[in-house]
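Notes follow once the structure below has been shown.
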Amino acid sequence: MQTYKTPHWTFYSANNELIYSDGKSIQLAARHNACLLALLEAKGEAVDYDTMLLKVWGTQFRDTNTIASVISELRKQINCGDPSLKYIVTIPKKGYRFNNFEEVETLQESISHPKKNSNRK
């Protein structure tokens, strides 16, 4: 799995963790984690509803309102309280896209996680 870093947060997909630039961290729910990962893996391309349903829920038999609800919650988590940050945009009648992909640095998972090494002497 990859680690993704923006100027505002770092996302550790392997353990569902989002660490903000101020050091605070949250555990993302599994669906939020899978949704964010699907958007980041698309590298700025749109992710259509069917693809999102398959990647997050493993099915295509859900209402698009289900996706919209998860996207809404995810936007609140990754926008860090700043409404001017538009990381996720809606592509009408198609799906969603991670808007500021040029800000994302993709790191290898082998880079040490700050909390993993905090207990070592």
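We did not get these values from a lab; they are worked out from the coordinates using the rules stated. Being a predicted model, the structure only gives us computed values, none of them experimental. Because the Cβ atoms are built from the backbone with ideal geometry, glycine has one as well, and the counts that use them run over all protein chains shown.
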So how tilted is helix 30-41 from the main axis of the chain? Cα-based, degrees 0 to 90, rounded to 10.
-> 90 degrees
Summed over the other residues with a beta carbon less than 11 angstrom from that of Pro83, with K and R at +1 and D and E at -1, the charge totals +2
Measuring from the longest principal axis of the C-alpha atoms of the chain, the long axis of helix 64-78 (C-alpha) lies at a number of degrees, nearest 10, equal to 30 degrees
What are the residues whose amide H is under 5 Å from the amide H of Leu107, where those residues sit 5 or more places off or on another chain and H is modelled from the backbone?
-> Thr3, Tyr4, Lys5
Among Asn65, Asn100, Asn15, whose mean-square fluctuation peaks in a Gaussian network model of the chain (Cα, cutoff 10 Å)?
-> Asn65
³J(HN,Hα) computed for each position of the stretch 90-106 - Karplus, 6.51 cos²θ - 1.76 cosθ + 1.60, integer Hz, glycine/proline x | 8, 9, x, 6, 10, x, 9, 9, 7, 6, 9, 5, 5, 7, 8, 9, 9
If amide H atoms are built 1.01 Å from N in the plane of the peptide, which residues on other chains or at least 5 residues away come under 5 Å of the amide H of Glu17?
-> Tyr12, Leu28
